[in-house]
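Step one of this worksheet: look at the structure below.
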Amino acid sequence: PPRPAGMGDVPEPCPQAPLAVLSKVELRVSCKHLLDRDTLNKSDPCVLLLMQSQGQWMEVDRSEVIKSNLNPVFAKIFTVDYYFEEVQKLRFEVYDSHGQAGVGTHDDDFLGGMECTVGQIVAQKRVTKPLFLKYGKFAGKSTITIISEEISGNNGYVELAFRAKKLDDKDLFSKSDPFLEIYRIDDDRSEQLVYRTEVVKNNLSPIWEPFKVSLNSLCSCEEKRKLRCVVWDYDSRGKHDFIGEFFTTFEEMQKAMGENKVQWDCMNPKYKIKKRNYKNSGVVVLLDLKIHRVYSFLDYIMGGCQIHFTVAIDFTASNGDPRNSCSLHYINPYQPNEYLKALVAVGEICQDYDSDKKFSALGFGARIPPKYEVSHDFAINFNPDNDECEGIQGVVESYQSCLPKIQLYGPTNVAPIISKVARVAADEERTKEASQYFILLILTDGVVTDMADTREAIVRASYLPMSIIIVGVGNADFTDMQILDGDDGVLRSPKGEPVLRDIVQFVPFREFKNVSGAATRSCL
């Protein structure tokens with residue numbers, strides 16, 4: 001995720017600090033000679049990707065199910081963060097899926113597994129290993145191949161919408177069931193599957209659902225790189241019939257932007273040789289192409305954006321009564337409480353990147369005057385028209401003034417504040433100048449009540465010039481925060497939509513409060 005970093009500082013070692021991501025890596029998976037677990041048909045394989053976290057295997061993602069195929073090439077592209085200083089253990093498990101029942105985890109459904117590290121795959125670029133069953137037993141001659149590719153800085157994506165017209169009919173008693181595959185042709189002439197569409201049943205002029213792919217996956221961000229597109233007639237036993245193919249480039253596809261359309265003859269080379277009057281096996285049309293650029297934190301800063309910081313403080317009752325010395329909000333005349341320590345430690349680092357040194361300061365989870373109704377996004381200076389404070393010292397003073405006037409309450413709803421900052425960021429982006437980048441610093445004691453809404457808000461915010469730093473205060477269970485951070489897998493909305501970019505960084509303050517400013521800076 002975008003993290004401000006100190007210019008010229010030499011970071012000191014940071015206890016259990018999140019390491020800087022060297023890059024993101026895309027992994028493509030294929031298998032050969034899988035075991036056949038089905039009596040009447042071949043296995044329907046699916047791959048699960050697991051990553052070891054704190055000694056436990058956690059599922060990160062899974063591929064699609066490929067019907068009736070012992071040599072599957074999966075269209076799913078797994079994306080993982082690559083921390084070059086850390087041994088990141090991966091496990092790939094292949095299962096035989098059972099229709100509506102989904103992927104089972106019974107021994108009967110297990111087709112084999114393989115363990116390796118992200119570093120090994122990145123170093124070798126292509127790894128082929130045997131699959132093993134339980135107790136180290138070989139899964140016959142089964143192998144799994146992982147191909148890795150580091151994502152370059154230009155990590156935009158493209159949205160494509162294809163249809164076909166008058167395809168050849170390959171079926172006797174009905175029409176073809178066509179699907180489209182797109183392959184990228186690499187410098188060594190090998191082909192990498194970029195995308196496989198859904199099957200449109202019984203239709204010689206199918207319209208496939210629009211889809212998104214990264215520019216890196218599609219063409220390695222090289223517009224002139226050759227692409228091979230193949231149309232097949234789907235067969236439930238895995239023996240798909242070849243209808244035709246065509247070659248193109250991303251440069252040529254871009255002619256489909258706006259009202260224009262691009263079309264290609266779908267050719268079957270055998271028919272071209274055999275049939276004198278052969279014209280084509282149908283036509284494939286690119287109806288629409290949209291390019292979406294994804295900008296990183298550094299892109300915004302290098303482009304001259306000003307940083308705008310918002311601090312959000314958790315005033316829920318779980319923090320404890322401020323009059324009690326056990327409270328994280330304890331009003332102590334002699335030394336700062338845990339929230340103030342976190343605010344000053346992290347805020348002073350953030351302050352370096354804010355040109356006007358003005359912070360919006362908000363609170364959530366408290367009953368506030370005059371009516372003492374619960375608010376999840378109130379200005380701690382009680383001025384809704386101008387919630388900004390002068391520097392971190394101004395935030396500290398507003399916090400100290402606000403605390404005796406409010407009643408700590410609940411629940412711990414984080415989504416309203418994320419959405420509030422996101423609305424400002426969206427308004428800024430609509431000006432087309434995009435002159436500001438927004439960073440939301442959330443100080444909280446841990447357990448989030450509106451987890452589903454918070455995930456949805458983060459996914460929406462990931463499309464905007466915005467990042468979120470969550471600082472965990474106290475000794476509570478921060479599992480929710482680690483989920484939001486997304487380091488153990490891609491954060492998704494409740495509907496399954498992934499974040500466009502990783503915008504959340506979680507820091508448990510208890511691990512960093514006794515280290516120096518430079519070390520804390522390197523962890524954000």
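Among the numbered conditions (1) in a loop (DSSP other than H, G, I, E, B); (2) closer than 20 Å to Asp299 by Cβ; (3) in contact with a Pro (Cβ under 8 Å, 6 or more places away or on another chain), the only one that Ser467 does not meet is (1).
From the list Thr454, Thr449, exactly one residue is open to solvent by less than 60 Å² (accessible area, probe 1.4 Å) and within 26 Å of Asn319 (Cβ to Cβ). Which is it? Matching residue, one of Thr454, Thr449: Thr454.
At least 1 residues being surrounded by 18 or more Cβ atoms within 10 Å (Cβ to Cβ) and in contact with a helix residue (DSSP H, G or I) (Cβ under 9 Å, 6 or more places away or on another chain) is the threshold, and among the strands (runs of 3 or more DSSP E) wholly inside region 179-237 those reaching it are 191-196, 226-233. Considering Lys212, Lys279, Lys226, the condition of being among the charged types (D, E, K, R) and out of contact with any Phe, Trp or Tyr (no Cβ under 7 Å at 6 or more places or on another chain) is satisfied by Lys279 alone.
Flag not set for Thr444, criterion: under 20 Å from the mean Cα position of the chain (by Cα) and open to solvent by less than 40 Å² (accessible area, probe 1.4 Å).
I need the full set of residues from region 388-440 which are charged (D, E, K, R) and in a helix (DSSP H, G or I), in order please. Listed by number, the residues that qualify are Glu397, Lys405, Lys420, Arg423, Asp427, Glu428, Glu429, Arg430. For region 325-347, taking the residues that are in contact with a helix residue (DSSP H, G or I) (Cβ under 9 Å, 6 or more places away or on another chain) and aromatic (Phe, Trp, Tyr), the one that is least open to solvent (accessible area, probe 1.4 Å) is identified as Tyr339.
The rows are residues; the columns are (1) out of contact with any Gly (no Cβ under 8 Å at 6 or more places or on another chain); (2) acidic (Asp, Glu); (3) surrounded by fewer than 15 Cβ atoms within 10 Å (Cβ to Cβ).
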site	(1), (2), (3)
Val374	no, no, no
Ser401	yes, no, yes
Ile406	no, no, no
Gly410	no, no, no
Asn413	no, no, no
Lys420	yes, no, no
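Filtering region 253-309 to residues that are open to solvent by 90 Å² or more (accessible area, probe 1.4 Å), of a type in the set (S, T, N, Q) and not in a loop (DSSP other than H, G, I, E, B) leaves only Gln263.
Among the residues making up region 126-145, those that are open to solvent by 60 Å² or more (accessible area, probe 1.4 Å), of a type outside the set (Ser, Thr, Tyr) and without any contact (Cβ under 8 Å) to a residue 24 or more places away in the chain are Arg126, Lys129, Phe132, Lys137, Phe138.
The values are calculated or read from the model by the stated rules, or taken from the named source; none is laboratory data. Remember, it's a predicted structure, so these values are computed and weren't measured experimentally. So basically every Cβ, Gly included, is an ideal-geometry build from the backbone, and we count neighbours across all protein chains shown. Keep in mind that these areas ignore ligands, DNA and RNA; they rest on the heavy atoms of the full protein, side chains included. Shrake-Rupley method; radii C 1.70, N 1.55, O 1.52, S 1.80 Å.
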